[in-house]
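Inspection log for the structure reproduced underneath, given as structure tokens.
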Amino acid sequence: MFENIFQYAFIVRGLEAGILVAIIAPAIGIFLVLRRYSLIADTLAHVSLAGIAIGIFFGINPVLTALATAVAASLGVEKLRVSKKVYGESALALFLSGSLALAVVILSLGHGLNSSLFSYLFGSIVTVTASDVRIISILAVIVISILAVFYKPLVYVTFDEEAAKVSGISTRLINTILIILAAMTVSLAIPIVGVLLISALIVIPVITALQFRKSFIHTIIYAEIISLLSVVSGIFASFYFNLSTGGTIVLVMLAIFSSVFLLKNIRGTVRY
Amino acid sequence: MPVDHTKNIIEVKGLSFSYDGIDNVLEDVTLAIHQGDYIGIVGPNGSGKTTLLKSMLGLISPQKGTVELFSSDIRNFKDWHKIGYVPQKAVNFDANFPISVHEVVMMGRYGSKKLFQRISHEDKEAVEYALNQVGMWEHKDKLIGDLSGGQQQRVFIARALTNHPEVIFLDEPTTGVDKKTQDGFYALLQKLNKEIGITLVLVSHDIERMTREVMHIACVDKTLTCHISPEEYLAESELSDIAGNKVKFITHHHHN
């Protein structure tokens, strides 16, 4: 009854890009969530939109311009946060709304307020190009490699920044690396889930895995499984039922989170 | 390790610190801590004792004065593996943080590792040694948040022990820990100091307990107001009591 999904090249491209995003988002997400940095992902996503607008305006691949703006903004956010001249969350609000304003103005200049903007806002695997997949793959390899190299100090700084510093770890370097990785993750996820839904991919699988109360490495593994499951089934469901891909993926994630949360907390009340 | 009680491990000279650049939290503090010492830094809330500890660890930079660790200026200090640190946890500890006891203690090995180095057999042995020292090996797979306050403190001591440090700094380690657990905790500190020869620097507001545990007491109230033995401290506070000064009543204990 179902037609063969793999006969369409765009679906294969979407799955390739989607799986890469599904692997990377929670791996970065666990550090952001535990450091109470969840909103940074959302802010950087909005910043990326300004980058996308610049890309559309100048005819450059928008994923690349999104990457450049997100990384630049991430350094700015971190600098403002460390300086303590502006409250942390106000710095985020500043970047979030400021870059959105910039995006809208640039888009209106180039008469780009059309359907392609819509696909960047909410993601669309139909518009994922072969060059997008190439860029996403390269970014994914870079992010995973940096993460593997800095995993140990990242865990230490996330758990106990002061003790990490006393052990000789440069906490400023580690914080900067984390936020650059967040910026890269956000920009590589845009084609799939879009600017407005990225933080869901980064946050929801992690907070779902946290409900299991396991060790750090197990929590990452749980989050990866939940993320892959949601992204792949979301892409399939959106194809067969003709739904928005990004929205479907996030709703699958939410459904898994709700089930786990209810199950764990009902059991919790019985046990205690 | 052979302990040389004349060797300076920490030297603080003329240290002044201010958070806002106006009011000094610490003023002209000079203090030397020797190898094998067990020193209690005491003082009321807001006296600057934690600030002094943080300056000695390089977590904050003083406006005036110098700190030397193992005869090297703290700004150029590299041998962080010689130092163990047990931060004040009871206040800002995320009980839901997904991390096992074993993972927490393994962190102690991360600082001295090169980035590309994998966790070795030696690291695992160091973690097992440290957890056995504090009697927490059997709890290694539990989540840190599922332990009692006293057990958590032991785990943080184990983390500080993994590099076989020469000195361990502890910031209010018994906050929120009941009295009976405290006894076991201080017995552990005595063992680390007497048997292994680790220098201990402990910040506490519990002056009464300190007079029973440590070798030296350093009183901090913006400046260093005393650096004496517990016996001298008790004698002095009795004298000032007679003189009618405002001194917290301290029950007399024999140091044994």
Only one of A:Ala50, A:Ala22 is under 19 Å from A:Ile125 (Cα atoms), buried (at least 21 other Cβ atoms within 10 Å of the Cβ) and of a type in the set (A, V, I, L, M, F, W, C), namely A:Ala22
In the set A:Phe236, A:Phe241, the lone residue that is within 18 Å of A:Val12 (Cβ to Cβ), modelled with pLDDT under 95 and surrounded by fewer than 18 Cβ atoms within 10 Å (Cβ to Cβ) is A:Phe236
Please list, ordered by residue number, the helices (runs of 4 or more DSSP H) wholly in the range A:104-222 having 2 or more residues that are polar (S, T, N, Q).
A:115-122, A:130-159, A:171-193, A:198-210
Might you let me know whether the range A:61-81 holds any residue that is at pLDDT below 85 and at positive phi?
no
Run down A:Ser259, A:Ser233, A:Ser238 and say which single residue is closer than 30 Å to B:Val101 by Cα and either of a type outside the set (Phe, Trp, Tyr) or free of Cβ contacts under 8 Å to residues at least 60 places away in the same chain (or both).
A:Ser259
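Could you tell me whether B:Val203 is over 17 Å from A:Val157 (Cα atoms), more than 10 Å from every other protein chain (Cβ to nearest Cβ) and modelled with pLDDT under 90?
Details: over 17 Å from A:Val157 (Cα atoms): yes; more than 10 Å from every other protein chain (Cβ to nearest Cβ): yes; modelled with pLDDT under 90: no.
Spelling it out, it is not the case that B:Val203 is over 17 Å from A:Val157 (Cα atoms), more than 10 Å from every other protein chain (Cβ to nearest Cβ) and modelled with pLDDT under 90.
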Just one of B:Ile242, B:Ile217 is out of contact with any Leu (no Cβ under 6 Å at 6 or more places or on another chain), modelled with pLDDT of 85 or more and hydrophobic (A, V, I, L, M, F, W, C); which is it?
B:Ile217
Can you spot a residue in the range B:151-160 that is closer than 18 Å to A:Tyr156 by Cα, at the interface with chain A (Cβ under 10 Å from one of its Cβ atoms) and touching a helix residue (DSSP H, G or I) at 6+ places or on another chain (Cβ under 7 Å)?
yes
Take the residues in the range B:108-128 that are over 26 Å from the mean Cα position of the chain (by Cα) and within 13 Å of another protein chain (Cβ to nearest Cβ); name whichever of them is farthest from A:Ile169 (Cα to Cα).
B:Ser120
Inspect the range B:35-46 for any residue being surrounded by 21 or more Cβ atoms within 10 Å (Cβ to Cβ) and modelled with pLDDT under 90 and give the result as yes or no.
yes
Quick check on my filter: what residues within the range B:66-80 are within 12 Å of another protein chain (Cβ to nearest Cβ) and over 19 Å from the mean Cα position of the chain (by Cα)?
B:Lys78
Can you tell me which residue in the range A:182-191 is farthest from the other protein chains (Cβ to nearest Cβ), limited to those that are within 10 Å of the chain's Cα centre (by Cα) and crowded, with 24+ Cβ neighbours inside 10 Å?
A:Ile190
Quick one: which residue in B:Ile83, B:Ile99, B:Ile60 is under 20 Å from B:Lys49 (Cβ atoms) and at the interface with chain A (Cβ under 8 Å from one of its Cβ atoms)?
B:Ile83
Has the range A:252-262 got any residue that is among the small types (Gly, Ala, Ser), surrounded by fewer than 18 Cβ atoms within 10 Å (Cβ to Cβ) and within 14 Å of chain B (Cβ to nearest Cβ)?
no
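Considering only the range B:13-52, state which residues are polar (S, T, N, Q), in a strand (DSSP E or B) and under 28 Å from B:Gln190 (Cα atoms).
Step one: list which residues in the range B:13-52 are polar (S, T, N, Q), which gives B:16, B:18, B:24, B:30, B:35, B:45, B:47, B:50-51.
Checking which are in a strand (DSSP E or B) leaves us with B:16, B:30.
Answer for the range B:13-52, where residues must be polar (S, T, N, Q), in a strand (DSSP E or B) and under 28 Å from B:Gln190 (Cα atoms): just B:Thr30.
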Top-ranked residue of the range A:134-175 - restricted to ones that are more than 12 Å from chain B (Cβ to nearest Cβ) and surrounded by fewer than 17 Cβ atoms within 10 Å (Cβ to Cβ), ranked as nearest to A:Ala9 (Cα to Cα)
A:Arg134
Residues that are at pLDDT 95 or above, away from every other protein chain (no Cβ under 14 Å) and farther than 23 Å from B:Ile144 by Cβ: does the range A:211-225 have at least one?
yes
Which members of the range B:73-112 meet the condition of being touching an Asp or Glu at 6+ places or on another chain (Cβ under 7 Å), part of a loop (DSSP other than H, G, I, E, B) and within 22 Å of B:Glu128 (Cβ to Cβ)?
B:Arg109
Residues satisfying the stated conditions in the range A:1-36, i.e. part of a helix (DSSP H, G or I) and aromatic (Phe, Trp, Tyr):
A:Phe6, A:Phe10, A:Phe31
Quick check on B:Thr225: is it β-branched (Val, Ile, Thr) and surrounded by fewer than 18 Cβ atoms within 10 Å (Cβ to Cβ)?
yes
Hey, A:Leu178 hits all of (1) in contact with a Phe, Trp or Tyr (Cβ under 6 Å, 6 or more places away or on another chain); (2) touching a residue at least 40 places away in the same chain (Cβ under 8 Å); (3) within 29 Å of A:Leu64 (Cβ to Cβ); (4) within 14 Å of chain B (Cβ to nearest Cβ) but one; which does it fall short on?
(4)
Can you find even one residue in the range B:129-137 that is within 13 Å of another protein chain (Cβ to nearest Cβ) and buried (at least 18 other Cβ atoms within 10 Å of the Cβ)?
no
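Could you list, in sequence order, the residues of the range B:66-111 that are of a type in the set (D, E, K, R) and closer than 11 Å to B:Val155 by Cβ? Step through it out loud before you land on a result.
Here is the first cut: in the range B:66-111, the ones of a type in the set (D, E, K, R) are B:68, B:73, B:75, B:78-79, B:82, B:89, B:94, B:103, B:109.
Scanning the range B:66-111 gives B:Lys89, B:Glu103.
The values are calculated or read from the model by the stated rules, or taken from the named source; none is laboratory data. Just so we're clear, the structure is a prediction, and the values are computed from it rather than from any experiment. Every residue, glycine as well, gets a Cβ built from its backbone with ideal geometry; the counts of neighbours run over all protein chains shown.
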